[in-house]
Amino acid sequence: MGPRCLRFRHAAQRLGVAQGQPFDPNRSGPDAAAAIAAGVGEGEKKVAALAHNPGNTAVSNGWQIARKRSSAERGHRLRSGSWTDAAITLRYHAPEADAPRRRRTVSLSRRSFLGAAALSPLGMKAFAAPGKFPTRAFGSTGVQVPILAFGCGSRFVGYKDDDEAVGVLSRAIDLGFTYVDTANNYGNGKSEERVGKLMPTRRGEVFLQTKIAARKGDEARRQLEASLGRLKTDHLDVLHIHALESLDDLAAIEAPDGVLKVVQQAKEQKLARFIGITGHASPAAMQAALERHDFDCVQMALNVARARMTFDDKGPHPVPMKDESYEALALPVAVRKKMGIVAMKVFGQDQLLAAASPEKLLYYALSLPVSLATVGMPRPELVEKNAALARAFAPLDASQMQSLRASVDDATRSRVAQFFARHRDA
């Protein structure tokens with residue numbers, strides 16, 4: 001049996017569709033559907049075959065997935081070569097009492113399957129094979145990314161034991177968290193060091209993002225070199241300028257000897273595929289940065305606490321005023337310029353959990369025109385829970401989103417605003 005057939009076999013076994021095992025609809029999916037997927041062709045390309053199996057209680061050792069190639073080759077096991085629009089066939093035996101086994105075949109073209117799945121309410125979910133999340137375009141980069149990233153900030157650094165932290169990340173990658181979000185100053189480099197422990201064996205599986213906090217060019221170069229060393233990689237998928245705080249901060253970034261030139265050079269030198277900027281403190285500064293510069297991507301605070309706040313000597317408080325949130329100011333610019341958009345702070349550092357469930361808070365962010373959201377997971381069980389939420393995601397409608405916004409009272413908005421006014425990612 002060739003390596004691709006083995007991958008199909010392993011995928012099927014994870015679903016309980018294996019030799020001599022009962023077909024379990026609860027494990028294999030709704031409507032007694034078994035989704036068997038494996039990597040084929042070049043790189044990370046994935047294809048899923050979906051077969052409905054109502055009324056059958058077992059699958060014997062004759063199951064097989066094959067690519068229909070020619071009449072002579074039809075029915076043979078998958079051979080080498082990349083996928084085309086040829087048919088994908090799932091064959092299985094349906095045992096019948098006191099009768100010879102009959103082979104039944106469910107066959108559908110790849111194009112028909114993809115089209116049908118995309119048109120169904122569960123279209124995104126249908127693509128989410130075991131170990132995979134639904135994906136979206138990362139702006140105009142040509143890259144598809146999973147809708148949920150594994151955040152390696154304070155929650156990841158908070159694991160006391162390095163081995164436990166690395167194990168949690170490895171499990172997360174297995175489950176589909178293949179977008180990994182870290183930064184040079186998370187835990188003074190500890191986050192990158194922990195991520196780096198996995199990269200010698202798993203770099204090809206992940207879309208790797210880090211951020212550098214320096215504003216001066218020389219220091220930014222040193223930080224970038226140190227990040228690549230800790231991460232044990234020779235290139236990044238995304239390099240961000242970290243934590244834009246104000247218009248004055250933007251001026252320092254843009255200075256002739258500033259960090260902006262360093263990240264642009266990193267892209268030219270192929271040390272980073274894509275470059276961007278992050279921020280949660282100043283929507284107006286982020287709006288200006290995105291208007292002025294053609295970043296590939298951006299990461300910004302997007303959550304239900306769309307604070308309409310003003311500041312005085314008594315601190316931030318809500319007033320009737322124009323919406324000046326990231327959602328109102330910066331997000332439309334990023335969408336117009338077709339940037340990859342990463343939502344962060346979707347739970348407001350857990351301060352919004354009293355207003356709505358984690359599921360609703362996450363789905364609010366994912367229902368905005370973003371590529372994905374990044375979340376931290378301080379306990380191993382949250383990895384499993386968030387993976388399930390990602391696979392089950394369905395966009396909220398406008399009324400649901402407005403209802404969530406209204407659920408956040410003024411006191412909570414004020415508290416969140418005060419927190420992020422002084423919060424520093426580290």
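We did not get these values from a lab; they are worked out from the coordinates using the rules stated. All values derive from a computational prediction rather than experimental measurement. Note that each Cβ is placed from the backbone with ideal geometry, even for glycine, and that neighbours are counted across all protein chains shown.
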Nonlocal amide H pairs with residue 236, under 5 Å, H built at 1.01 Å | 272, 273
Roughly what would the spin-label model give for residue 379 and residue 170, points 7 Å off Cα along C-beta, in nm?
-> 2.4
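Which value, in debye to the nearest 20, gives the size of the charge dipole of the range 146-273 about its Cα centre, when Lys and Arg are +1 and Asp and Glu are -1 at the Cβ? Let's see the in-between values first.
Working: 19 positive and 20 negative charges, 56 e Å.
I would put it at about 260 debye.
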How about the range 129-168: which trypsin sites (Lys or Arg not before Pro) there are in a DSSP loop, with at most 10 other Cβ atoms within 10 Å of their Cβ?
-> 160
Given the range 144-281, what percent of its DSSP beta bridges are antiparallel, to the nearest 5?
-> 5
Residues meeting the amide H criterion for residue 373 (H placed from the backbone, H to H distance under 5 Å, 5 or more places apart or on another chain) are 148, 149, 343
Extension gain residue 268-residue 407, at 0.36 nm per residue separation less the Cα-Cα distance, in nm?
-> 45.4 nm
Pseudo-spin-label distance residue 398 to residue 418, built 7 Å along Cα→Cβ, given in nm, is 3.6
Spin-label point model (7 Å from Cα, Cβ direction): what's the residue 162 to residue 232 distance in nm?
-> 1.1
Local electrostatic count at residue 257 - Lys and Arg +1, Asp and Glu -1, tallied over other residues with Cβ under 9 Å | +1
